[in-house]
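A short worksheet on the structure shown next.
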Amino acid sequence: MQKTLHQINERIRDGNARVVTAEEMPALVAELGEEGALAEVDVVTTGTFGAMCSSGGFFNFGHADPPIRMERVWLNDVEAYAGLAAVDAYIGATQQSTTREDQYGGAHVMEDLIAGKAVELRAISRGTDCYPRRTLTTELLLENLNQAIMCNPRNGYQRYNAASNSTDRVLHTYMGMLLPSCGNVSYSGSGLLNPISNDPRFRLIGSGVPCFIGGAEGMVIGEGTQASPGAGFGTLMVTGDMKEMNTEYIRAATMTGYGVTLYVGLGIPIPVLDLETVRSTAVRDEDIWVDIIDYGVPARDRPAIERVNYAMLKSGHLEIKGEEVRTSSLSSLRRARKVASELKEWIEGGKMAVCLPTRRIDPTKRAGPMRETVQGPRVLEIMDRRVITISEDEPIRDAARKLLKGETNHLPVINGNGVLVGIVTTYDISKAVVNPGKGTHVKDIMRRKVVTTTADEPVDIAVQKLEKHNISALPVVDREYRVVGMLTAMDLGKLFGGRWLK
Amino acid sequence: MKLLVTFSRKEGKKPIIAQVVRDTGVLVNVERALIDSSEGEALIDIPDESCRIVKDKLADLGASVRILEEEISLDESECVDCGACISICPQEVFSFDEESRLRMDAKRCVLCGRCIEICPHRALSRRIEG
């Protein structure tokens, strides 16, 4: 049996369509069987509500008198991109205010406008014959704008890898606060309610398909940026009219230590045309798997700690290496459900019809990493190769001598096998002289917890270590943890005036 | 009942809380403590009926004691029920109910402030109890 889109739309128009949410579908298919579900269900609605950094909106302000060609534009001190004709601008959700930093950004401007609040527009220009005006300040409400069109380059991620942190310090990331020693797991996404997870082959989601966006009737433009559906990480570019949105489904947020983002409510109705649609919309949380990624590793390809599904993530607890760990979501399941059920009401009430994509999204496409033609500096290139070390069994006095002779402030301590076991600084030795109770040998006063770097580590990462730990030198170690060099704050000076400064 | 105890350490390192426990026999639960070389602050939890005796004893030992009247407060108009606070709370104050709505058991809270700092929607704050 097969149904046509025409039949489904007729039933929607007559108010007879049977619509269920993606959360209700698996049980229905289990009860009625696939054929039965196909006969019964016309449309499955999906929903997600989470942080979608890659969001923003186009505004047209109308012409001022005398007219201005806006070159730079700020809305409540948040800069918008104005390189688009005279009175158009695009505001990005993550752009931060010049005055309030991460407490206010593009996301807040959009939320404030949708909430009906006035926003201050400031613009500057060099002035031309046709656009003589040079500065402009005015207060605007959403209703004063000709257009306010949300246009989000990358929304509705099919699924998102969860996050944890194996290091010994707290990390603040766009995945929220990650406690040390894998003390928690943070995840995002609505699992079985996610739009693309209900149509992973993009048979029914594509260009021109209607959607719920921020409470408004919107449209899928097509493939989202960085989409990688071939790897299970599809994304969508979507649009909708801000004037029809409401703040129930559009919320600005700040991820502490990361910055501003926008929570967007997004849902797509999926017409149930054939058995393949029945099967894809019967997806369960147990079927959607992601990795838990270790954000403690500061590289693009971070290692996976564990592979889990959304049922495990949503349960609130997981086991990592035999230890129970609590999970936190960043997206809201409750509001994702609200999106799916409001969309269901729309379709049952005949407010929204369904259609097929006017242009298909390639389900096999995979996103690639950046091609980098210029490598940033590595520790190897600026580290000090003169390594002065001391053994842990030597007297403190010898350490003091070595520090004086080597004109350095940091002395890595090694054991009999040449392996790094600690570090002493001039400060530690001064302290030992003033307060001699602790012992007379290096091992009695050395710090055993040493922050290190490696020769091939990017200098930016090493600098972050210096800053985070408030220290001024890092021993450079090889794989066997033997000291091959030192990187001190002084070595960083080599970056200036050398070939790295262009 | 929660008491916020502050004490000076200038006259030496007196084991104030240990002494209170020994002299009063009340079992004190230290929920949060910040102690440096000159002063200390501890948040302790004690049975309500022992409040008087513990407070007096602490005062005798030179500490100043304040009954903690602040508590964590959730602004439901800002909260979107994301749950970012759930796994980072050391006291397991937050949880989801069956409808994935955020629930808060403020009595467990020791006011460490971590959730206030990280709430993406700035929905959590301290407020005076009552």
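Some observations on this one:
- On the stretch given as segment A:267-290, residues that are of a type in the set (Ser, Thr, Tyr) and within 11 Å of A:Leu38 (Cβ to Cβ) total 2.
Every residue, every condition in (1) in contact with a Cys (Cβ under 7 Å, 6 or more places away or on another chain); (2) within 30 Å of A:Thr281 (Cα to Cα), yes or no:
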{"site": "A:Gly47", "(1), (2)": "no, yes"}
{"site": "A:Gly56", "(1), (2)": "yes, yes"}
{"site": "A:Gly62", "(1), (2)": "no, no"}
{"site": "A:Arg72", "(1), (2)": "no, no"}
{"site": "A:Ala82", "(1), (2)": "no, no"}
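- In a residue-by-residue description of segment A:284-299, the property of being within 30 Å of A:Tyr104 (Cα to Cα) and among the charged types (D, E, K, R) applies to at least one position.
- Among the residues listed as B:Leu43, B:Leu102, the single one being of a type outside the set (Val, Ile, Thr), within 14 Å of chain A (Cβ to nearest Cβ) and either in contact with a Phe, Trp or Tyr (Cβ under 7 Å, 6 or more places away or on another chain) or farther than 24 Å from A:Ser186 by Cα (or both): B:Leu102
- Hits in segment A:174-188 (condition: within 11 Å of chain B (Cβ to nearest Cβ) and of a type in the set (Ser, Thr, Tyr)): A:Tyr174, A:Ser186, A:Tyr187, A:Ser188
- Tally, over segment A:124-164, of residues that are surrounded by fewer than 20 Cβ atoms within 10 Å (Cβ to Cβ), hydroxyl-bearing (Ser, Thr, Tyr) and part of a strand (DSSP E or B): 3
- Pair list, Cβ < 6 Å and 6+ apart or interchain, from segment A:124-140 residues that are closer than 15 Å to A:Arg72 by Cα and polar (S, T, N, Q) to residues that are at pLDDT 95 or above and in a strand (DSSP E or B): A:Thr135/A:Ile124; A:Thr137/A:Arg122; A:Thr138/A:Leu121
- The set of residues from segment B:105-121 being more than 7 Å from chain A (Cβ to nearest Cβ) and farther than 16 Å from A:Val170 by Cα comprises B:Asp105, B:Ala106, B:Lys107, B:Arg108, B:Cys109, B:Val110, B:Leu111.
- Residue tally, condition in a loop (DSSP other than H, G, I, E, B) and farther than 21 Å from A:Val424 by Cβ, over segment A:454-477: 4
Table: residues versus (1) part of a helix (DSSP H, G or I); (2) surrounded by 12 or more Cβ atoms within 10 Å (Cβ to Cβ); (3) among the aliphatic types (A, V, I, L, M); (4) in contact with a helix residue (DSSP H, G or I) (Cβ under 9 Å, 6 or more places away or on another chain).
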{"site": "B:Phe7", "(1), (2), (3), (4)": "no, yes, no, yes"}
{"site": "B:Lys10", "(1), (2), (3), (4)": "no, no, no, no"}
{"site": "B:Ile17", "(1), (2), (3), (4)": "yes, yes, yes, yes"}
{"site": "B:Val30", "(1), (2), (3), (4)": "no, yes, yes, yes"}
{"site": "B:Ser37", "(1), (2), (3), (4)": "no, no, no, no"}
{"site": "B:Glu49", "(1), (2), (3), (4)": "yes, no, no, no"}
{"site": "B:Val54", "(1), (2), (3), (4)": "yes, yes, yes, yes"}
{"site": "B:Val65", "(1), (2), (3), (4)": "no, yes, yes, yes"}
{"site": "B:Cys79", "(1), (2), (3), (4)": "no, yes, no, no"}
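- Residues of segment A:103-123 satisfying the condition of being part of a strand (DSSP E or B) and either buried (at least 19 other Cβ atoms within 10 Å of the Cβ) or in contact with a strand residue (DSSP E or B) (Cβ under 6 Å, 6 or more places away or on another chain) (or both): A:Tyr104, A:Gly105, A:Val119, A:Glu120, A:Leu121, A:Arg122, A:Ala123
- Here no strands (runs of 3 or more DSSP E) wholly within segment A:33-91 include at least 3 residues being free of Cβ contacts under 8 Å to residues at least 24 places away in the same chain and within 14 Å of chain B (Cβ to nearest Cβ).
- For segment A:1-19, a tally of residues being assigned to a strand (DSSP E or B) and surrounded by fewer than 22 Cβ atoms within 10 Å (Cβ to Cβ) returns 0.
- Contacts under 8 angstrom Cβ, first residue in segment A:478-493 being in the same structural domain as A:Glu467 (by TED's automatic domain parsing), partner acidic (Asp, Glu) and not in a strand (DSSP E or B), 6 or more apart: A:Val484/A:Asp478
- When residues of segment A:254-267 are limited to those that are within 18 Å of A:Leu171 (Cα to Cα) and within 7 Å of chain B (Cβ to nearest Cβ), the one surrounded by the fewest Cβ atoms within 10 Å (Cβ to Cβ): A:Thr256
- Breaking point among (1) farther than 30 Å from A:Gly15 by Cα; (2) hydrophobic (A, V, I, L, M, F, W, C); (3) within 32 Å of the chain's Cα centre (by Cα); (4) buried (at least 21 other Cβ atoms within 10 Å of the Cβ), for A:Met370: (4)
- Looking at A:Asn246, A:Asn198, A:Asn194, A:Asn161, just one residue is touching a residue at least 24 places away in the same chain (Cβ under 8 Å) and within 14 Å of chain B (Cβ to nearest Cβ), and that residue is A:Asn246.
- Within segment A:307-334, being more than 9 Å from chain B (Cβ to nearest Cβ), touching a residue at least 24 places away in the same chain (Cβ under 8 Å) and part of a strand (DSSP E or B) holds for A:Val308, A:Asn309, A:Leu318, A:Ile320, A:Glu323.
- Flag for B:Ser95 being within 12 Å of chain A (Cβ to nearest Cβ), in a loop (DSSP other than H, G, I, E, B), surrounded by 13 or more Cβ atoms within 10 Å (Cβ to Cβ) and over 13 Å from the mean Cα position of the chain (by Cα): no
- Qualifying residue in segment A:389-397 (condition: in the same structural domain as A:Ser472 (by TED's automatic domain parsing), in a loop (DSSP other than H, G, I, E, B) and in contact with a Gly (Cβ under 6 Å, 6 or more places away or on another chain)): no
- Residues of segment A:321-354 that turn out to be surrounded by 14 or more Cβ atoms within 10 Å (Cβ to Cβ) and within 24 Å of A:Pro271 (Cα to Cα), as a count: 19
- Residue check for A:Ile347: assigned to a strand (DSSP E or B) and away from chain B (no Cβ under 14 Å): no
- Annotation: A:Ser166 fulfils all but one of (1) farther than 22 Å from B:Cys119 by Cβ; (2) in contact with a strand residue (DSSP E or B) (Cβ under 7 Å, 6 or more places away or on another chain); (3) at pLDDT 95 or above; the unmet one is (3).
The values are calculated or read from the model by the stated rules, or taken from the named source; none is laboratory data. Quantities reported herein were computed from a predicted structural model and do not represent experimental measurements. No Cβ is skipped: glycine too gets one built from the backbone with ideal geometry, and neighbour counts run over all protein chains shown.
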